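This report concerns only the one structure given below.
The values are calculated or read from the model by the stated rules, or taken from the named source; none is laboratory data. All of these numbers come straight from a predicted model, not from anything done at the bench. A quick note on method: Cβ atoms are made from the backbone with ideal geometry, for glycine too, and the neighbour counts reach across all protein chains shown.
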Amino acid sequence: MAASPLRAALLLVALTATGCNRNSNFDLWPMLTGEPKAKPAVAADQQPQAASQQSADVATAPLAPAGAAMPAPTTNTYVGQKVDQLRSDLQRLQAQLADHQNQLRQIRDDAVQNGQRYYTNVAAINARLQVGTTRGNPNLIQQWNDAQGDLDRINDDVGRLNNLAALIGGDSALASYILESTRAAFSISGAVDEDHRNLTQLEDDTNRATVQVDRLLNDVSDDISRQTAYVNSERRNLTAQSVAINNGELLGGSLANRGFGGQGLVASAAGAPPVSSVARGRPLVVIKFDRPTVSFQQPLYNAVSQALDRRPEATFEIVAVTPNRGNAGQVALASNASRRNAEAVYRALTDMGLAANRVTLSATTSSSAENNEVQVFVR
């Protein structure tokens with residue numbers, strides 16, 4: 001009977017320990033396996049909500065352009081509203097720049113295609129003239145007209161470049177406005193630090209856009225100058241080529257494309273007319289009009305071309321020479337015919353590209369001449 005109270009006490013202690021181990025979150029005995037204790041598990045209904053919140057944070061994060069700093073969030077201050085307005089203007093400027101760059105690229109592509117068609121026609125004409133053909137060959141005339149049309153289209157491209165230059169000038173004005181407004185906004189009171197950070201980045205972005213505007217405007221200006229000079233030069237070459245088609249033989253490039261040297265022309269005396277070269281020097285070319293049709297263009301071109309090679313600043317005098325034979329009426333008729341011949345030589349030289357102010361006309365009679373002739377002198 002004495003052992004009964006002891007057994008009862010031990011049983012009570014065991015039951016108490018079992019109840020504590022069942023209801024407590026802590027282990028009574030340390031784990032000897034070396035494994036870390038497991039962390040408390042997150043409730044299953046909380047896991048999708050956490051993943052959804054993380055995805056939303058990533059999706060709504062703004063993306064900064066490569067190489068550019070992320071602008072600070074705009075504020076509700078007056079300066080912050082000004083920043084929003086200027087940033088919208090800058091985005092409009094950047095969109096216009098991209099459009100104008102595409103326009104320049106398209107104009108250049110069109111000019112290349114027109115130039116290829118032009119040179120195809122010109123090369124075909126020259127190839128036919130090189131071996132000789134009939135005078136005024138209609139096939140060559142048609143090809144010449146096609147080449148003229150291609151050159152006109154290239155000239156239209158110059159007009160498109162001028163219009164584009166005007167649009168880019170508007171871009172330059174807009175960039176200057178944004179830059180000046182941005183710098184002026186720094187002095188407006190009532191701004192916070194985020195406003196000035198946004199203004200600083202806006203100024204940097206506008207400066208980069210201004211560099212793009214200047215570069216694009218320079219490219220367009222260079223294209224205008226280059227294409228204008230090209231069209232003018234090729235128009236003179238086409239004029240010379242038309243003379244070659246009429247004669248059925250190749251002459252050469254325009255005389256106007258040769259370089260000019262020296263200081264230009266020097267007047268002999270103030271208000272004094274030019275002195276005729278008939279009495280001094282040997283003529284460069286003598287063209288005898290002793291039959292109804294005289295083909296003088298090729299020899300004339302060769303002689304003038306060689307003279308310009310020796311003296312790029314040279315000018316020329318065309319002298320109509322009439323034989324001093326017969327009565328006064330016969331001499332007058334012969335003189336009129338000789339003048340018309342000299343005018344034909346003058347037109348031929350100008351058609352070959354020689355400037356009109358480098359050619360003078362005069363007339364004289366000669367007792368040694370047997371037929372009407374035109375003499376060309378170098379001055």
Write out, first by first residue and then by second, each pair whose Cβ atoms fall under 6 Å of each other, whose residues are 6+ apart or on separate chains, and whose first residue, in the range 315-330, is closer than 30 Å to Arg379 by Cβ while the second is of a type in the set (Phe, Trp, Tyr).
-> Glu317/Phe377; Ile318/Tyr346
Of those in the range 328-346 that are over 18 Å from Ala356 (Cβ atoms) and among the small types (Gly, Ala, Ser), the residue modelled with the lowest pLDDT is Gly329
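Looking only at residues in the range 341-361 that are small (Gly, Ala, Ser) and out of contact with any Lys or Arg (no Cβ under 7 Å at 6 or more places or on another chain), which one is surrounded by the fewest Cβ atoms within 10 Å (Cβ to Cβ)? Write out each step before concluding.
Looking only at the range 341-361, we keep the residues that are small (Gly, Ala, Ser), and these are 342, 344, 348, 353, 355-356.
Right, trim to out of contact with any Lys or Arg (no Cβ under 7 Å at 6 or more places or on another chain) and you get 342, 344, 348, 355-356.
Numbers: Ala342: 24, Ala344: 17, Ala348: 22, Ala355: 13, Ala356: 10.
Within the range 341-361, the match that is surrounded by the fewest Cβ atoms within 10 Å (Cβ to Cβ) is Ala356.
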What tally of residues in the range 309-332 results from selecting those that are under 57 Å from the mean Cα position of the chain (by Cα) and hydrophobic (A, V, I, L, M, F, W, C)?
-> 6
Counting just the residues of the range 174-204 that are in a helix (DSSP H, G or I), more than 32 Å from the chain's Cα centre (by Cα) and not hydrophobic (A, V, I, L, M, F, W, C), which one comes out farthest from Gln85 (Cα to Cα)?
-> Asp193
